[in-house]
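The values are calculated or read from the model by the stated rules, or taken from the named source; none is laboratory data. This is a predicted model, so every value here is computed, not measured. Ideal geometry is used to build each Cβ from the backbone, glycine not excepted, and the neighbour counts take in all protein chains shown. For the accessible areas, the whole protein counts, side chains as well, though only heavy atoms, and no ligand, DNA or RNA atoms are used. Shrake-Rupley method; radii C 1.70, N 1.55, O 1.52, S 1.80 Å.
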Amino acid sequence: MINKKPGNDTLIFFWLMIALSVIGFLLQAIGMQRSYQDGGSNIMALSGFEVAGYGCFLVSFIFGIVVMHKVIAMMIHLVHARSR
């Protein structure tokens, strides 16, 4: 039987948050260069890469909320476990 360490999933979510942020920055940079190279009339000045970058930032933000919630829950659990 595999004995998981507590907080393992939190660590995975944290690194996914970091990785998605980096991917989002890269997609934003690629999208900016693409929008300048196209030269067409793009009213919102968004390319598909930039929209995908915003999506990565959104998912990263959601992972960040989950990580913060889990960290606070672990801290509350530790404080209450010591007071018993």
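Of all residues in region 26-84, count the ones that are modelled with pLDDT under 90, assigned to a helix (DSSP H, G or I), within 26 Å of the chain's Cα centre (by Cα) and among the hydroxyl-bearing types (Ser, Thr, Tyr).
1
Just to be sure I understand the filter: pairs with C-beta atoms under 6 Å, separated by 6 or more residues or on different chains, first member in region 7-35 and within 13 Å of Lys70 (Cβ to Cβ), second member open to solvent by less than 40 Å² (accessible area, probe 1.4 Å) and of a type outside the set (Lys, Arg). Which pairs pass?
So the pair list comes out as Thr10/Val67; Phe13/Val67; Phe14/Val67; Met17/Ser60; Met17/Gly64.
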